[in-house]
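The block underneath contains the structure these notes are about, expressed in structure tokens.
The values are calculated or read from the model by the stated rules, or taken from the named source; none is laboratory data. Bear in mind the structure is a predicted one, so any value in this text is a computation, not a measurement. Please note: Cβ atoms are built from the backbone with ideal geometry, for glycine as well, and neighbour counts cover all protein chains shown. Surface accessibility is based on the protein's heavy atoms, side chains included, excluding ligands, DNA and RNA. Shrake-Rupley method; radii C 1.70, N 1.55, O 1.52, S 1.80 Å.
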Amino acid sequence: GAGVSQTPSNKVTEKGKYVELRCDPISGHTALYWYRQSLGQGPEFLIYFQGTGAADDSGLPNDRFFAVRPEGSVSTLKIQRTERGDSAVYLCASSLGRGVLDGYTFGSGTRLTVV
Amino acid sequence: SQQGEEDPQALSIQEGENATMNCSYKTSINNLQWYRQNSGRGLVHLILIRSNEREKHSGRLRVTLDTSKKSSSLLITASRAADTASYFCATVEQGAQKLVFGQGTRLTINP
């Protein structure tokens, strides 16, 4: 597609449940990033993929968070045993992966609410 | 973690005036980028300035970078109501790939 697509746009889940958030990057973009943004804050880095592999997962807050990108395109962010503190907008971005030359293209995000 | 600070946190001006936002950061960088965000959802890339550049223009946008002071500014000239949004600076550290964002400036343009 023309842009980065994230689904669902909104997700409400109960505390303790498991959720999956999906990101479809721009075709041909080798780099994919997940960020989390709380209200009134800037986006915080979670994980970065170059191709199929996670090149940097230093931003994942704990082992309840996991992300995959098995074929080097679509990525899924998985959150186990959700907590109310996980409520935020989860943003995905992709780039051509040329490092310093690229701006990122962001999706519209998934607003996760844990009740 | 956040890279640095943006100043001011909120700015309200009249349509047609110029808006200036500042960003400071802490580490050595490869490049610095500015993004706009409407209604707390997707961010839109505005402009990228490399560490060896001092000034860059794009339409009504002017960005400066002072690596000795670890600071950048974004100037929007002849502001319009549609410029109302949050503006974030973000840096790519040397040797890294990820963007690290500031806290953002909330800009309101009054008609």
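Which ones in the stretch B:12-24 are within 13 Å of the chain's Cα centre (by Cα) and open to solvent by 20 Å² or more (accessible area, probe 1.4 Å)?
Result: B:Thr20, B:Asn22, B:Ser24.
With the checklist (1) without any contact (Cβ under 8 Å) to a residue 40 or more places away in the chain; (2) of a type outside the set (A, V, I, L, M, F, W, C); (3) within 14 Å of chain A (Cβ to nearest Cβ) in hand, flag the one item B:His57 doesn't pass.
Unmet for B:His57, out of (1) without any contact (Cβ under 8 Å) to a residue 40 or more places away in the chain; (2) of a type outside the set (A, V, I, L, M, F, W, C); (3) within 14 Å of chain A (Cβ to nearest Cβ): (3).
Considering only the stretch A:41-75, state which residues are in contact (Cβ under 8 Å) with a residue 40 or more places away in the chain, polar (S, T, N, Q) and within 14 Å of another protein chain (Cβ to nearest Cβ).
Within the stretch A:41-75, A:Gln50 is the sole residue that qualifies.
Here are B:Asp7, B:Asp83: which of them is under 30 Å from A:Leu32 (Cβ atoms) and either within 14 Å of chain A (Cβ to nearest Cβ) or not small (Gly, Ala, Ser) (or both)? First the steps, then the outcome.
Numbers: B:Asp7 fails: under 30 Å from A:Leu32 (Cβ atoms).
On inspection, the qualifying residue turns out to be B:Asp83.
When you scan the stretch B:1-80 for strands (runs of 3 or more DSSP E) that lie fully inside it, which ones turn up with 3 or more residues that are at positive phi, among the hydroxyl-bearing types (Ser, Thr, Tyr) and modelled with pLDDT under 95?
Here the list is empty.
Here are some conditions: (1) open to solvent by 60 Å² or more (accessible area, probe 1.4 Å); (2) over 14 Å from B:Gln103 (Cβ atoms). B:Gln9 meets all but one. Which one does it not meet?
Answer for B:Gln9: the failing condition is (2).
Could you identify the single residue in A:Gly107, A:Gly97, A:Gly40, A:Gly16 that is more than 11 Å from the chain's Cα centre (by Cα) and surrounded by 15 or more Cβ atoms within 10 Å (Cβ to Cβ)?
None of the other options fit; the residue is A:Gly97.
Do we have A:Gly51 as more than 21 Å from B:Leu43 (Cα to Cα) and surrounded by fewer than 18 Cβ atoms within 10 Å (Cβ to Cβ) here?
yes
Restricting to the stretch A:24-35, what's the tally of residues that are surrounded by 22 or more Cβ atoms within 10 Å (Cβ to Cβ) and closer than 19 Å to B:Val100 by Cα?
First, the residues of the stretch A:24-35 that are surrounded by 22 or more Cβ atoms within 10 Å (Cβ to Cβ): A:25, A:32-35.
Filter once more, so that each one left must be closer than 19 Å to B:Val100 by Cα: A:32-35.
Qualifying residue count, the stretch A:24-35: 4.
If I filter the stretch B:25-50 down to residues being open to solvent by 20 Å² or more (accessible area, probe 1.4 Å) and in contact (Cβ under 8 Å) with a residue 60 or more places away in the chain, which single residue comes out as nearest to the other protein chains (Cβ to nearest Cβ)?
Here the residue is B:Asn30.
Any residue in the stretch B:80-93 that's of a type in the set (Lys, Arg): show its pairings with residues that are crowded, with 20+ Cβ neighbours inside 10 Å at Cβ separation under 7 Å, as long as the two are six or more apart or on different chains.
Once the first residue is of a type in the set (Lys, Arg) and sits in the stretch B:80-93, its partners that are crowded, with 20+ Cβ neighbours inside 10 Å give B:Arg80/B:Ile109.
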